[in-house]
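Data first, discussion second: the structure below is written as structure tokens.
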């Protein structure tokens, strides 16, 4: 069974940093491109980052470019999202996704 | 970026009825390989999204054939026949043809009448 389990969310102050993790199981993680997608409270879905299966390419939404960094460790079947200079508008549920499969999400709240 | 427009924003349905949701894109979603990367997802209340249909009309594993997807170029439709209670939630269309970014429709909330 495919599982994606995110962690690392929490309540942080504006301007601070946070690193999210997503542990994958049930499929060959190292063969798949992976995404981070977020959903602000009561809002729709916003794609924010993609990393190729071999980390050769990374893409970001304009809203997070320069502040967020996507990475992965295929030896640990883990996807990461490092988030810096957090703003109130970054408050959202953050999902990792392969395309067909999504994690349960981890909530990031940015507030003073 | 490709803009995805879903209508209606909400739908009230009785169990057993059929419904259709429309999704229109601002550009053709036909990729250079000839395939169309238009997908449908369902987000049930309090849950993460789940993909139901990929590339316009292909059902993901375990998705009942009460769901069907049609369309081409810029105009797509999701049809749900004989709606069941477990079908309720918010439906999103999404395109990955013109990527990045992966863009989503605004969602259609399917509720019980």
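The values are calculated or read from the model by the stated rules, or taken from the named source; none is laboratory data. Remember, predicted model here, so these are calculated numbers, not experimental data. Cβ: placed from backbone, ideal geometry, glycine included. Neighbour counts: every protein chain shown.
For the range B:53-62, enumerate the residues that are on the phi > 0 side of the Ramachandran plot, surrounded by 13 or more Cβ atoms within 10 Å (Cβ to Cβ) and over 10 Å from the mean Cα position of the chain (by Cα).
B:55
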**Asked** Which residue, of A:82, A:1, A:89, is more than 22 Å from residue B:103 (Cβ to Cβ) and more than 14 Å from every other protein chain (Cβ to nearest Cβ)?
**Response** A:82
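Residues checked against (1) farther than 27 Å from residue A:60 by Cα; (2) exposed (fewer than 14 other Cβ atoms within 10 Å of the Cβ):
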| residue | (1), (2) |
| --- | --- |
| B:3 | no, yes |
| B:6 | no, no |
| B:14 | yes, yes |
| B:43 | no, no |
| B:46 | no, yes |
| B:49 | no, no |
| B:83 | yes, no |
| B:87 | yes, no |
| B:99 | no, no |
**All strands (runs of 3 or more DSSP E) inside the range B:63-106 with 1 or more residues being within 14 Å of chain A (Cβ to nearest Cβ) and within 11 Å of the chain's Cα centre (by Cα)** = B:89-95
**Request:** Collect the residues in the range B:101-113 that are surrounded by fewer than 18 Cβ atoms within 10 Å (Cβ to Cβ) and at pLDDT 95 or above, keeping them in residue-number order.
**Result:** B:106, B:109, B:111
**Asked** Within the set of pairs 6+ apart or on separate chains, which have a first residue in the range B:53-74 that is touching a residue at least 60 places away in the same chain (Cβ under 8 Å), a second that is surrounded by fewer than 16 Cβ atoms within 10 Å (Cβ to Cβ) and assigned to a loop (DSSP other than H, G, I, E, B), and C-beta atoms under 6 Å apart?
**Response** none
